[in-house]
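> Sharing a structure below in structure tokens format, with a few things to ask.
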Amino acid sequence: MNTPDAKSLVNRYLDASFLVTKRFDTQIRERLGQTITTDQFCALRMIKEKPLCTPSDLAELLCVGKSSITALVNKLVDRDLVHRAGDERDRRVVYLTLTDNGREVYRETEQEIQQLLEPYLVHFKPEEVQNFIESFEKLAALLTHEGGQENE
């Protein structure tokens, strides 16, 4: 998009994205207290969703370096939210799974986030929410590819 309006659209996106992210993170922190951080919740969600999740998988999914993942995983293990298990065939490979406590904290946090967002969603028609999410998912997919090129 090389239109004169592209800069304006990018700026609008940046302003809205920053505001939504900051306010949402603040509300989550206020609602959850010190129970769990947004990054920890995202890690638990990804571990729950991806069978045989490794720390390297988690680093890639969260777009952070391996040293950051090590610190995050150590915190989750120390809090008895995540369990590390070595691969039986290759001891260099470590898999992450949720503990019973991790599944419970994840479930409770997911419910809190749902309750936090629901009051805002009533201001949109269902098709507006669907269109927004599909567009945002498309942007996420494009951002995972060099230069924003779609897979063919």
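> Of the listed pairs Lys7/Lys50; Lys22/Lys66; Lys50/Lys125; Lys75/Lys125; Lys22/Lys75, which have alpha-carbon separations greater than 28 Å here?
Flagged as over cut-off: Lys7/Lys50; Lys50/Lys125; Lys75/Lys125.
> Let me ask something additional. Mind checking which of Leu61, Asn74, Asn131 is farthest towards the positive end of segment 36-147's charge dipole, using Cβ charges of +1 (Lys, Arg) and -1 (Asp, Glu) about the Cα centre?
The residue sitting farthest along the positive end of the dipole is Asn74.
> Counting only residues 5 or more places away or on other chains, whose amide H sits under 5 Å from the amide H of Tyr95 once H atoms are built in the peptide plane?
Amide H to amide H, under 5 Å and 5 or more residues apart or across chains, Tyr95 pairs with Ala85, Gly86, Asp87.
> Mean-square fluctuation check for the chain, GNM, Cα pairs under 10 Å: which of Leu116, Leu19, Leu76 is largest?
Leu19
> Something else: Going by the alpha-carbon gyration tensor, a ≥ b ≥ c the square roots of its eigenvalues, is the chain rounded (a/c under 1.5) or, if a/c is not under 1.5, prolate (a/b greater than b/c) versus oblate?
oblate
> Among Gln111, Gln27, Gln130, which one shows the highest mean-square fluctuation when the chain is modelled as a Gaussian network with alpha-carbon springs under 10 Å?
Taking springs between Cα atoms under 10 Å, the residue moving most is Gln130.
> OK, next. Taking only Cα atoms and a 10 Å spring cutoff, compute GNM fluctuations for the chain and point out the largest among Glu88, Glu112, Glu104.
Answer for the Gaussian network model of the chain: Glu88.
> Just report the Cα centroid separation between segment 114-140 and segment 23-87, whole Å.
Segment 114-140 and segment 23-87 have Cα centres spaced 24 Å from each other.
> So what is the calculated 222 nm ellipticity per residue for the chain, using -39500 (n - 2.57) for each DSSP H run with n of 4 or more, over all residues, to the nearest 500 deg cm²/dmol?
-22000 deg cm²/dmol, from helical runs alone.
> Whole-Hz ³J(HN,Hα) for each residue in segment 70-85, computed from phi via Karplus 6.51 cos²θ - 1.76 cosθ + 1.60 with θ = phi - 60°, x for glycine and proline: what do you get?
4, 5, 5, 5, 4, 5, 5, 5, 4, 8, 6, 9, 9, 10, 9, 9
> Which longest run of the chain has no exposed loop site in it, a site being trypsin sites (Lys or Arg not before Pro) in a DSSP loop with at most 13 other beta carbons within 10 Å, and the site itself not part of the run?
Result, exposed sites excluded: 1-88.
Coordinate-derived values only; no laboratory data. Bear in mind the structure is a predicted one, so any value in this text is a computation, not a measurement. No Cβ is skipped: glycine too gets one built from the backbone with ideal geometry, and neighbour counts run over all protein chains shown.
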